[in-house]
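One structure is given here, and the rest of the page talks about it.
Please treat every number below as a calculation from the coordinates, not as lab data. Here the structure is a predicted model, which is why all the values come from computation and not from measurement. A quick note on method: Cβ atoms are made from the backbone with ideal geometry, for glycine too, and the neighbour counts reach across all protein chains shown.
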Amino acid sequence: MKSIQDWLKAGEYLPAFMRDFHDQKNLFQAIHHYIPANSDERLYEQPSWINGQIYVIDVFLWWMARRGYTLQRTHKKGEFRSVEEDVEAVRNYHRAKFMKLWNERPNKSGVKE
């Protein structure tokens, strides 16, 4: 049986889609995208997605897991949004923006390609 310390170190207290650092990064970028800084839904100063990721993953969820609580999907029936689809939509949005900028950059002769 795995010790609590090994369980925590392996990140097994997190849902599978949040265990990898890069997946966490994508998730927090998506959250930041869907809840913009000028949103009426927030009553606080919005942290950067990086600060949010560090605090939620490395502090809050770890602290709660050490005390026996974990984040889990609800058993309530309903039409919930897909985390994976929302994250992928934001990744695609950023890819498209990057490609637009890339394609509009001037080449070495100073002419846009």
Tell me the angle of helix 83-104 to the major Cα principal axis of the chain, expressed in degrees between 0 and 90 and rounded to the nearest ten.
20 degrees
Quick one: compute the contact order of the stretch 4-104, relative version, from alpha carbon pairs under 8 angstrom and 6+ residues apart, as a percent.
35 percent
Please list 3J(HN,Hα) in residue order for the stretch 51-65, calculated via the Karplus relation 6.51 cos²θ - 1.76 cosθ + 1.60 where θ = phi - 60°; whole Hz, with x for glycine and proline.
5, x, 4, 4, 5, 5, 6, 7, 10, 4, 5, 4, 4, 5, 4
Show that you can apply the helix-only estimate: for the chain, add -39,500 (n - 2.57) for every DSSP H stretch of four or more residues, divide by all residues, and state [θ] at 222 nm to the nearest 500.
-13500 deg cm²/dmol
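Could you work out the percent of alpha carbon pairs in the chain separated by over 21 Å, rounded to a whole number?
54 percent
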Return a single number: how many Lys pairs in the chain, at a sequence separation of 8 or more or on separate chains, have alpha-carbon atoms below 23 angstrom apart.
7
Using a Förster radius of 35 Å, what is the FRET efficiency between Trp63 and Arg105 based on their Cβ-Cβ separation? Nearest 0.05, please.
0.20
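With r defined as the distance between the Cβ atoms of Thr74 and Glu12 and R0 fixed at 22 Å, what FRET efficiency is calculated, to the nearest 0.05?
0.65
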Contour minus Cα-Cα distance for Tyr93 and Met1 (0.36 nm per residue)
28.8 nm
Report, to the nearest 10°, how far helix 21-34 tilts away from the longest principal axis of the Cα atoms in the chain, using its own Cα long axis and a range of 0 to 90°.
70 degrees
With r as the distance between the Cβ atoms of Gln46 and Phe21 and R0 = 30 Å, compute the FRET efficiency 1/(1 + (r/R0)^6) and round to 0.05.
0.90
